[in-house]
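The structure appears below as structure tokens.
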Amino acid sequence: MPSFDRNLDVYQGFNFKKDKQDAVGFVTKLSIGGTDIKADLTTCKDPTSPSDAIKAVMVLADFGWATGVTDPINFTGRISVDNKQILAGMLLGTLTNTEVKMEYAVYEYDPQAKKYFKCSFANETMEALLGKSGSELNIFLSDDPASEVQSPINYGLSIGVTPQEKEQSITLATGDQQNIVKSWGLTVQA
């Protein structure tokens with residue numbers, strides 16, 4: 001089964017330039033264990049409408065999904081100092097609730113249509129769980145500031161999520177108006 005992996009331009013995500021056509025992505029909503037992580041990155045622009053701002057929790061650097069119904073989805077990106085401190089406190093504390101709710105969008109440029117389009121997004125708020133690598137939760141927070149963008153100060157975050165026991169939809173696209181809807185998660189009957 002083909003995978004859907006994208007390397008994204010963090011600099012373009014923070015500093016959108018209309019004449020640059022690199023792929024970008026954002027997590028616009030994130031809640032872990034019932035704690036909402038603030039969408040406090042406010043300089044981001046919607047590539048499909050560059051005069052409109054996007055409030056982001058995270059500017060994405062990488063996105064990956066093997067496209068299987070139960071496969072994890074992995075996000076790597078940059079978060080604010082405040083959110084880094086909140087997440088670090090959660091990881092150092094007793095994080096027992098691993099439920100995740102999130103919204104995201106990845107954008108690519110279509111050279112034929114001459115515009116950006118959403119190439120991956122959840123059709124509604126994703127209901128997930130933090131994934132695991134062995135016995136460790138699949139979440140990593142950098143201790144050092146990232147270097148692609150100096151201001152605002154930002155830190156690396158990698159998070160892998162698996163679907164809750166509920167069928168959800170993820171849209172993938174290969175070009176403008178070239179959408180494919182895939183299932184993510186399985187509904188378990190009691």
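The values are calculated or read from the model by the stated rules, or taken from the named source; none is laboratory data. Every value quoted in this text rests on a predicted model; they were computed, and no experiment measured them. No Cβ is skipped: glycine too gets one built from the backbone with ideal geometry, and neighbour counts run over all protein chains shown.
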Scan of region 154-174 for residues that are surrounded by 14 or more Cβ atoms within 10 Å (Cβ to Cβ) and of a type outside the set (A, V, I, L, M), ordered by number: Asn154, Tyr155, Gly156, Ser158, Gly160, Thr162, Pro163, Gln164, Gln168, Ser169, Thr171
Pick out the one residue from Ser133, Ser151, Ser147 that is closer than 19 Å to Asp5 by Cβ, modelled with pLDDT under 95 and surrounded by fewer than 14 Cβ atoms within 10 Å (Cβ to Cβ). Ser133
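Here is a yes/no grid of residues against (1) touching a Ser or Thr at 6+ places or on another chain (Cβ under 8 Å); (2) in contact (Cβ under 8 Å) with a residue 60 or more places away in the chain; (3) over 23 Å from Tyr11 (Cβ atoms); (4) not in a strand (DSSP E or B):
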| position | (1), (2), (3), (4) |
| --- | --- |
| Leu95 | no, yes, yes, yes |
| Lys101 | yes, yes, yes, no |
| Gln112 | no, yes, yes, yes |
| Phe121 | yes, no, no, no |
| Phe140 | yes, no, no, no |
| Asp143 | no, no, no, no |
| Glu165 | yes, no, yes, yes |
| Leu186 | yes, yes, yes, yes |
From Ile170, Ile180, residue being without any contact (Cβ under 8 Å) to a residue 60 or more places away in the chain and assigned to a strand (DSSP E or B): Ile180
Please report, ordered by residue number, the strands (runs of 3 or more DSSP E) entirely within region 1-89 with at least 3 residues that are in contact (Cβ under 8 Å) with a residue 60 or more places away in the chain, over 14 Å from the mean Cα position of the chain (by Cα) and crowded, with 21+ Cβ neighbours inside 10 Å. none
Considering region 123-138 alone, what residues qualify as being polar (S, T, N, Q) and not in a strand (DSSP E or B)? Asn123, Thr125, Ser135, Asn138
